[in-house]
Amino acid sequence: MFAALTYFDIFAIAWFALCYFGYDWAVRYGPLKDRKGLVAAIQERRQQWMQSAARRDVRIMDSQLLMNLSSGNAFFASTTVIVLGGLTAMLGAADNVKNRLEQFPYVVDVPLVVWEFKIIFLMALVIRAFFKFAWAFRLTHYLGTMLGAMPRWEANTAVQCEKHAAKTAQLAGITAMHSNDGLRTVYFAIAGLGWFLHSLVFIIGCAWVLAIVYRREYASRALMAIEDNDEE
């Protein structure tokens, strides 16, 4: 199978790995680690949220917000399962799908084993996204437990409430991190669809996704809006 891959295919795989894993490394350990982005900015809001929730006697609104977060992760997790089923069916009829798509003049003709490899590649990305969303969904349940266990704010429990609120905000940040990883994986999986047309389309798609992810994280209007709240 690997012998059937062209140099363009090998370069496309290497470029994908550089964009996908390289961006994650740059954010966690590299040059973007100390740069404040949307994730760091919204994490500060989560801390404010939990500190405010600790001082509320009635936390129905906070529970509703957690339910919305949970339903969003559940939606994406179930969607990835549906997509995985479609890719599995596509793998079972790879020869038929290949013959139909290659009737278009802009679709490159490749061996069947390479076509199947591309489908398996997308399946691997979708599976990774599923585990990210499923774990984020599970963490929202733990987050609800932490919110329910938050003690009532009183003079003798103020320090305990603040510590508990900080831990709850930290767990909310971990939940969001896995959800963001799942979304980023879906973005690159969409770029991987271009590989069925040509390796060059896949390469351009990865660069396009990387630019979108970077812009939304560090140069979006959402980030400016959150930072403007800090200035008011």
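The values are calculated or read from the model by the stated rules, or taken from the named source; none is laboratory data. Just so we're clear, the structure is a prediction, and the values are computed from it rather than from any experiment. Using ideal geometry, Cβ is built from the backbone for each residue, glycine included, and neighbour counts are taken over all protein chains shown.
Answer yes or no as to whether G37 is closer than 19 Å to R215 by Cβ, exposed (fewer than 14 other Cβ atoms within 10 Å of the Cβ) and either among the polar types (S, T, N, Q) or under 20 Å from the mean Cα position of the chain (by Cα) (or both).
So G37 does not fit the description; no.
Looking at the stretch 50-83, which of the residues that are within 23 Å of the chain's Cα centre (by Cα) and crowded, with 17+ Cβ neighbours inside 10 Å is farthest from I127 (Cα to Cα)?
L66
Residues checked against (1) farther than 30 Å from N156 by Cβ; (2) free of Cβ contacts under 8 Å to residues at least 12 places away in the same chain:
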position: C19; (1), (2): yes, no
position: G22; (1), (2): yes, yes
position: Y29; (1), (2): yes, yes
position: L66; (1), (2): no, no
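Can you pull out the residues in the stretch 97-118 that are among the aromatic types (F, W, Y) and within 18 Å of A4 (Cβ to Cβ)?
Matches in the stretch 97-118: W115, F117.
For the stretch 190-207, indicate whether the set of residues that are crowded, with 21+ Cβ neighbours inside 10 Å and either farther than 19 Å from I10 by Cα or free of Cβ contacts under 8 Å to residues at least 12 places away in the same chain (or both) is non-empty.
The answer is no; no qualifying residue exists.
Please find, within the stretch 84-109, the residue that is surrounded by the most Cβ atoms within 10 Å (Cβ to Cβ) out of those that are not in a helix (DSSP H, G or I) and not β-branched (V, I, T).
My answer is E102.
Which condition breaks for L183 when tested against (1) surrounded by 21 or more Cβ atoms within 10 Å (Cβ to Cβ); (2) closer than 19 Å to Y23 by Cβ?
So the condition that L183 fails would be (1).
Return the pair list, or none, for Cβ contacts closer than 7 Å from residues in the stretch 36-62 that are among the hydrophobic types (A, V, I, L, M, F, W, C) to residues that are modelled with pLDDT of 85 or more and surrounded by fewer than 14 Cβ atoms within 10 Å (Cβ to Cβ), at least 6 apart or on different chains.
Listed pairs, sorted by first residue: L38/A222.
Give all pairs with beta carbons closer than 6 Å in which a residue from the stretch 149-165 that is within 15 Å of W49 (Cα to Cα) meets a residue that is part of a helix (DSSP H, G or I); count only pairs at least 6 apart in sequence or on separate chains.
If the second residue must be part of a helix (DSSP H, G or I), the pairs left are M150/A54; M150/H164; W153/A54; W153/C161; C161/A54; A165/M50; A165/Q51; A165/A54.
Would you mind finding the one in A189, A158, A149 that is of a type in the set (G, A, S) and under 23 Å from the mean Cα position of the chain (by Cα)?
A189
Quick grid of which residues meet (1) in contact with a Pro (Cβ under 9 Å, 6 or more places away or on another chain); (2) of a type in the set (S, T, N, Q):
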site: D9; (1), (2): no, no
site: W15; (1), (2): no, no
site: Q43; (1), (2): no, yes
site: A54; (1), (2): yes, no
site: M67; (1), (2): no, no
site: G72; (1), (2): no, no
site: A77; (1), (2): no, no
site: T88; (1), (2): no, yes
site: P105; (1), (2): no, no
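Checking the structure you have, find out if any residue of the stretch 133-143 is of a type in the set (S, T, N, Q) and either surrounded by 13 or more Cβ atoms within 10 Å (Cβ to Cβ) or in contact with a Phe, Trp or Tyr (Cβ under 7 Å, 6 or more places away or on another chain) (or both).
So far as the stretch 133-143 goes, yes, one or more of its residues are of a type in the set (S, T, N, Q) and either surrounded by 13 or more Cβ atoms within 10 Å (Cβ to Cβ) or in contact with a Phe, Trp or Tyr (Cβ under 7 Å, 6 or more places away or on another chain) (or both).
Pick out the one residue from V27, V39, V114 that is touching an Asp or Glu at 6+ places or on another chain (Cβ under 9 Å), part of a helix (DSSP H, G or I), among the β-branched types (V, I, T) and farther than 21 Å from V186 by Cα.
Result of the check over V27, V39, V114: V114.
Please work out which residue is surrounded by the fewest Cβ atoms within 10 Å (Cβ to Cβ), limiting yourself to the stretch 110-126 and to residues that are in contact with a Ser or Thr (Cβ under 9 Å, 6 or more places away or on another chain) and within 17 Å of I10 (Cβ to Cβ).
Per the criteria, the residue is V114.
Inspect all residues belonging to the stretch 121-142 and state whether any of them is more than 23 Å from S78 (Cα to Cα) and without any contact (Cβ under 8 Å) to a residue 60 or more places away in the chain.
No: the stretch 121-142 contains no residue that is more than 23 Å from S78 (Cα to Cα) and without any contact (Cβ under 8 Å) to a residue 60 or more places away in the chain.
Do you know which residues across the stretch 171-215 are among the polar types (S, T, N, Q) and over 30 Å from R138 (Cβ atoms)?
Within the stretch 171-215, just S199 meets the criteria.
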